[in-house]
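Notes follow once the structure below has been shown.
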Amino acid sequence: MSKLALTLTINGERHEILTEPHRTLLDVLRTDLGLTGTKENCLEAECGVCTVLLDGAAVNACILLAAQCQGRSVLTIEGLARDGELHPLQRAFIDHGAVQCGYCIPGMILSAQAYLDEHPSPTEDDVRAALAGNLCRCTGYQKIAEAVLAVARDRAAGR
Amino acid sequence: MATSEPRVVGKSLPRMDGAGKVTGTAVYAADFALPGMLVGKVFRSTEPHARIVRLDTARARALPGVRAVMTAADVPDVRYGGALKDETVFARGRVRYVGQPVAAVAATTREAAEAALAAIEVVYAPLPAVLDLDAALAPGAPLIHEEWASYTAIPILHRDGNVCNRARIVVGDVERGFEEADRIFEHRFRTGMVHQGYTEPRAAVAAWDSSGQVTVWSNTQLPFEVQNTLAEILQMAPSKIRVVVPGIGGGFGGKLRVGVEHFAAFLARATGRPVKVITTSEEELTAAYPRQGTVVELKTGVTKDGRITAKAGRIWFDTGAFAGSGPGVASVATLVLAGPYKIPNLHLEGFAVYTNKTNCGSFRAPSGPQANFAVESQIDIIADALGLDPLELRLKNIVREGDEGPTGQVLNAVGLEECLRKAAAAIAWNDRRPARWRGKGLACGWWTTTGGSSGVYVKINPDGTVALNTGAAEIGTAALTGAAQVLAEELGVDLADINVVSADTFSTPFDFGAQGSRTAFAVGNACRAAVDDLKRRVFALAAAQLGVEPEACRLADKHVLADGKRISLADLARLSQQTGGGLIAQGTFIAPPTAYDSKRVDGHVYPAFHSPSFHAHAVDLSIDPETGDVTIHKYVVAQDVGFAMNPTYIEGQIEGGVAQGLGQALSEEIVYENGRVLNPNLTDYKMPTTLDMPRVETILVQHPSLVGPYGAKGVGEPPNIEPPAAVANAVASATALRLTSLPITAEHIALALRDAGT
């Protein structure tokens, strides 16, 4: 099969990628680039563990072809912390006890990040609606919602 | 135990592995990779029951990128399993469920492996399939295993044809008990098959070295059990098999037994390359270890004033084509059928029954939700019939301090009445039907803290940090954070000073595994024992340095203190490295056996609940009479946890357990039709999302257990038990309709309302 030469910006860094046209962004991230913070599960966009940000919008990397990301910018969980400091969402998830097994958490945090960027003062119902595409089997979502709301409040207060 | 106010235990400290999990750097088994690794895939049966007439892998072997194709002909002819050894690696001549492994392939890419699966040729001659419990138990039913009597099993089991165990509890004289009753109630309940729903699929990577040793990186909850099972399957010494658990994305009992590790090991040996096998959602929902569907029949006798005089109950588990956890689960179920009630006459039986379905296993509180759904639904039915408040009927019959459990164990630290009263108060039980189509429900129960042994090594490093080396895996509950809190408390150090190494069968001490709500309990106690051992070494060393008696020494603030003098643990560790190989200790723990009356049980592999926990759930919900849709306004859990080691993560266990329980109550079922799963994907297998989950109010009740560290009891499984019963009781309260089958979907409610003409 002939390969495509793609240029993607991943976590702020330019990557030249040579890959078959049928391969997904998830597969390229995990297998070619070793970025396993983006998780793999249902592979049909039902569970949300593979959520990444594509030009700032939350997408399921499992059903997105790498070729669709040509020239675009991808943020994975590995790119969220800056200068060795946890991102406020990452900090809040730890502080609120929102992490158990943790497998859904990278996708959950990125969905929350995309949502908060657009909606600075959400209610708990808003947050729950925004995260409805990310399944978590450990937490019952309560502490996840609390963590996201706490970050929203801090942002609103300019902290 | 520390005499002063606790510094570390009982505190809501952040989990130790949080940073790796939120940054994506934590490596799970599904993430694990080695250079040159191949992709392994499993070829599975498409027939519920059939003879394999022809199996041809030649075309698959010839495809580009394919490195191995294996069938039953390529592996030892071994039957393995837990209490009953009936399972084979691949089907041999006959398939017994849709999804049963028939062959496996290894190839250079996922695409090549999938092409190989498509190129395997198989011809089946269908056999009569046994598709449900009634068919399996019917006189003259086809045997799923004609050779069942020849299988190896623990001698306790009572087996007969399609019944792979019958467990029984008999207390008093149940017929006389029914004669003493004023009313007798008989009901039948049904529950569906449900999946654990962990977000990380089962995954394993296997690699062999030149000495003939294999290492398997797996997300199993039980690395030592998997090591031993692999030894049976591979016909090798366990000492040549290393199982390492990198990280687990949820288990809930679904990752106890060998799942894909054996395929990875065989394929890696055949190809001389590392092989990774990871399951798809379809494989998970057709060929994993889900919770058994059940049928329950209960006959309960009560006096007019609501005293239970006798209970006869039977529960049948549809355990699938192989026994899996069935024989044990059928045993545990009888203790749940008794309920947390004082009943003088009992005749309770649990049956594990073969059918042509996937092999069922263990799911968080195995048997708990199914049996409790029946018991607690019936309590409400009885209360309604007698004109009693369901809370009052429960309070009239529940066990209290010093009472006997069903098999004669003496119960202590019984916080049940407190749980019931607090849950009822929190849900405003005095107003049970606040509006039309709105109602409240209550359910209570008891559960075990599974025993088994745990060992730890503890090392004090020359910088004063402490290494905790345990064979238990961290499956997400933060149980190892809890155990480390015990260690930090007892050693006089901070939680941040402790580093955990875990779950490697070659380098960590034995542990019975992350199952049965036992990890923080048992590893925590092993840590206490290790500190006792360490104290002897540390105090001897310190006494010599400080010129004091060892008896005068104590640990505090990362130092040994004695007679106004002090020396740091770091200094002592450095000193010990120069003089005696460093400060290392071991600690072991095994839960003491719980005494019970062996004359009351038969065919029973789990005759008593160790350090039992008690709990009550309450729910307030509304029904949409048009659609049957359920809206939960409030959910309350009051759970006797003995001692809350880390309240935040205990709340997390309760909130998550309720979520899984509500899934089983309202939306989840693996639906079979003619032996095939109709919904083998996450679109149609409906687990609760953020929008389905109510807020859960947690009330921690603390009646300290005699055995657990600081009085802790097992916490993880119980919150999964009561939600179906609590919901069913609330739905009955809201609609005056009693639904006796799980899940109680909106569709079922709407149809029941229509049938009732309301």
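Some values worked out for this structure:
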{"quantity": "Matching option when the condition is small (Gly, Ala, Ser) and farther than 24 Å from B:Ala472 by Cα, among B:Ala591, B:Ala520, B:Ala570, B:Ala530", "calculated": "B:Ala570"}
{"quantity": "Residues located in the stretch A:1-28, provided they are within 14 Å of another protein chain (Cβ to nearest Cβ) and of a type outside the set (Lys, Arg)", "calculated": "A:Met1, A:Ile10, A:Asn11, A:Thr19, A:Glu20, A:Pro21, A:His22, A:Thr24, A:Leu26, A:Asp27, A:Val28"}
{"quantity": "Any hit, the stretch B:699-709, residues being buried (at least 23 other Cβ atoms within 10 Å of the Cβ) and either in a helix (DSSP H, G or I) or not assigned by TED's automatic domain parsing to the domain that holds B:Ser611 (or both)", "calculated": "yes"}
{"quantity": "Residue pairs meeting the criteria (Cβ under 6 Å; at least 6 apart or on separate chains; first on the phi > 0 side of the Ramachandran plot, in the stretch B:640-652; second charged (D, E, K, R) and part of a loop (DSSP other than H, G, I, E, B))", "calculated": "B:Gly642/B:Lys713"}
{"quantity": "Output for the stretch B:673-718, where each listed residue is within 14 Å of chain A (Cβ to nearest Cβ) and of a type in the set (Val, Ile, Thr)", "calculated": "B:Thr683, B:Thr689, B:Thr690, B:Val696, B:Thr698, B:Val715"}
{"quantity": "Subset of the stretch B:657-672 [aliphatic (A, V, I, L, M) and either surrounded by fewer than 21 Cβ atoms within 10 Å (Cβ to Cβ) or within 12 Å of another protein chain (Cβ to nearest Cβ) (or both)]", "calculated": "B:Val658, B:Ala659, B:Leu662, B:Val671"}
{"quantity": "Filtered residues of the stretch B:15-49 (kept if part of a loop (DSSP other than H, G, I, E, B), at the interface with another protein chain (Cβ under 8 Å from one of its Cβ atoms) and touching a residue at least 12 places away in the same chain (Cβ under 8 Å))", "calculated": "B:Arg15, B:Asp17, B:Ala26, B:Val27, B:Tyr28, B:Ala33"}
{"quantity": "Flag if B:Ala467 is assigned by TED's automatic domain parsing to the domain that holds B:Arg574 and part of a strand (DSSP E or B)", "calculated": "yes"}
{"quantity": "Filter result (surrounded by fewer than 24 Cβ atoms within 10 Å (Cβ to Cβ) and either more than 8 Å from every other protein chain (Cβ to nearest Cβ) or within 25 Å of B:Ala19 (Cβ to Cβ) (or both)) within the stretch A:32-43", "calculated": "A:Asp32, A:Leu33, A:Gly34, A:Leu35, A:Thr36"}
{"quantity": "Any hit, the stretch B:185-193, residues being more than 14 Å from every other protein chain (Cβ to nearest Cβ), charged (D, E, K, R) and over 34 Å from the mean Cα position of the chain (by Cα)", "calculated": "no"}
{"quantity": "Residues located in the stretch B:240-285, provided they are of a type in the set (S, T, N, Q) and either in contact with a His (Cβ under 6 Å, 6 or more places away or on another chain) or within 14 Å of chain A (Cβ to nearest Cβ) (or both)", "calculated": "B:Thr279, B:Thr280, B:Ser281"}
{"quantity": "Qualifying residue in the stretch B:639-650 (condition: of a type in the set (Gly, Ala, Ser), in contact with a helix residue (DSSP H, G or I) (Cβ under 7 Å, 6 or more places away or on another chain) and facing another protein chain (nearest Cβ under 9 Å))", "calculated": "no"}
{"quantity": "Residue among B:Ala472, B:Ala424, B:Ala496, B:Ala443 that alone is surrounded by 18 or more Cβ atoms within 10 Å (Cβ to Cβ) and over 25 Å from the mean Cα position of the chain (by Cα)", "calculated": "B:Ala424"}
{"quantity": "Contacts under 7 angstrom Cβ, first residue in the stretch B:552-569 being without any contact (Cβ under 8 Å) to a residue 24 or more places away in the chain, partner exposed (fewer than 14 other Cβ atoms within 10 Å of the Cβ), 6 or more apart", "calculated": "B:Ala552/B:Asp563"}
{"quantity": "Checklist (1) more than 23 Å from B:Val456 (Cα to Cα); (2) of a type in the set (Lys, Arg); (3) outside the structural domain of B:Gly415 (by TED's automatic domain parsing) applied to B:Arg600, failing item", "calculated": "(3)"}
{"quantity": "Within the stretch B:77-96, tally of residues that are aliphatic (A, V, I, L, M) and outside any loop (DSSP other than H, G, I, E, B)", "calculated": "2"}
{"quantity": "Filter result for A:Leu86 (of a type outside the set (Phe, Trp, Tyr), touching a His at 6+ places or on another chain (Cβ under 6 Å) and under 24 Å from A:Ala156 (Cβ atoms))", "calculated": "no"}
{"quantity": "B:Ile654 under 30 Å from B:Gly402 (Cα atoms) and crowded, with 24+ Cβ neighbours inside 10 Å", "calculated": "yes"}
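The values are calculated or read from the model by the stated rules, or taken from the named source; none is laboratory data. Just so we're clear, the structure is a prediction, and the values are computed from it rather than from any experiment. Positions of Cβ are backbone-derived with ideal geometry, glycine not excepted, and every protein chain shown enters the neighbour counts.
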